[in-house]
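Okay, structure first, notes after.
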């Protein structure tokens with residue numbers, strides 16, 4: 001693997017690899033993505049192989065602008081126009097009916113998940129390549145998503161090239177909204193909160209449970225996901241946990257006080273700031289070799305919905 005600056009030469013090398021149906025890791029404002037030509041069977045197969053990703057888990061397609069997104073849709077509802085105008089480029093993925101002419105690659109579905117990322121490097125890569133890029137998080141399946149180029153290197157050393165755009169600013173994946181249902185349906189809570197979305201769409205429904213092994217319209221719906229190597233315990237009060245029998249060293253992840261533990265990460269009590277450092281903190285604890293991470297459960301409020309979703313899946 002080579003980590004390169006996203007200058008003219010780095011972008012040229014990345015585009016050459018993508019056009020040869022290889023893969024490239026690149027930064028977005030959410031997490032680092034493992035990019036591949038979204039409609040190349042060879043390139044998409046390489047994404048699934050490198051990540052050891054289940055075939056039923058679909059991919060999000062990243063495009064440079066709204067026009068490119070519309071070209072991938074069979075129908076482009078008015079709600080998509082309004083949401084794109086408000087939130088693109090940005091951490092919002094829209095699920096719409098896929099265009100009939102598109103090849104069926106990856107997980108079999110009649111829909112397609114699309115977004116325009118809000119990162120200068122990602123947009124430059126999309127524009128320079130002229131390709132729609134499937135780009136799941138650049139890490140092994142079920143593992144912690146990468147928010148730096150170094151995280152990619154440690155998780156997927158076989159990736160030929162990583163464009164280093166520095167730490168991801170949001171640090172958590174995009175919100176995924178399904179527009180093919182009568183009421184827009186939240187498939188994955190993410191960086192963009194529900195409140196501003198409701199101001200555009202009105203009511204937003206929550207999805208029915210989908211079991212692993214079943215095709216679904218969005219990534220991030222698996223029972224276990226976003227998990228470190230260490231065992232994660234999600235608790236209301238870290239001080240009351242009986243540590244006997246827990247794999248050592250034992251660490252704590254909290255937004256208040258840490259207490260007496262072998263290692264600790266104390267993050268912000270602001271949900272946006274907490275989310276931005278969550279994966280990086282889990283990476284730091286994994287790198288420290290801890291055996292158990294006791295996580296203080298965040299408040300059960302809508303502002304913390306995405307963070308709670310990631311922690312619940314990491315703890316399973």
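Every number in this text was worked out from the coordinates using simple rules, so none of it is lab data. Note that the structure is predicted; figures quoted are calculated from it, not measured. As a convention, Cβ positions derive from the backbone with ideal geometry for all residues, glycine included, and neighbour counts pool all protein chains shown.
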For this session: Starting from the Cα of residue 260, step 7 Å along the direction of its Cβ; do the same at residue 204; then give the gap between the two resulting points in nm.
Result: 4.4 nm
Exercise. Using the Cα gyration tensor of region 7-112, with a ≥ b ≥ c the square roots of its eigenvalues, what is the shape: rounded (a/c below 1.5), prolate (a/b larger than b/c) or oblate (neither)?
Worked result: oblate
For this session: Distance between Cα centroids, region 27-76 to region 128-168: provide it in whole Å.
Result: 13 Å
Problem set entry | Nearest-0.05 FRET efficiency for residue 120 and residue 2, computed from C-beta distance (R0 35 Å) | 0.95
Problem set entry | CD proxy at 222 nm, helix term only [per DSSP H run n ≥ 4: -39500 (n - 2.57); per residue of the chain; nearest 500] | -8500 deg cm²/dmol
Seminar exercise, completed: Taking 0.36 nm per residue of separation between residue 102 and residue 55 and subtracting their Cα-Cα distance, the length gained on full extension comes to 15.1 nm
Exercise. For the chain, what's the relative contact order in percent, using C-alpha pairs closer than 8 Å and at least 6 residues apart?
Worked result: 21 percent
For this session: Under 1.5 on a/c is rounded, so check that first for region 81-145, then, if it is not, pick prolate when a/b is larger than b/c and oblate when it is not; a ≥ b ≥ c are the square roots of the alpha carbon gyration tensor eigenvalues.
Result: rounded
Exercise. Which FRET efficiency value, to the nearest 0.05, do you get for residue 67 and residue 237 by plugging their Cβ-Cβ distance into 1/(1 + (r/R0)^6) with R0 = 45 Å?
Worked result: 0.30
Seminar exercise, completed: The value for region 231-314 (convex hull of the alpha-carbon atoms, volume per residue, Å³) is 79 Å³
Problem set entry | Separation of the residue 74 and residue 128 label points, Cα + 7 Å toward Cβ, nm | 3.6 nm
Exercise. Per residue, what volume in Å³ does the convex hull of the Cα atoms of the chain enclose?
Worked result: 122 Å³
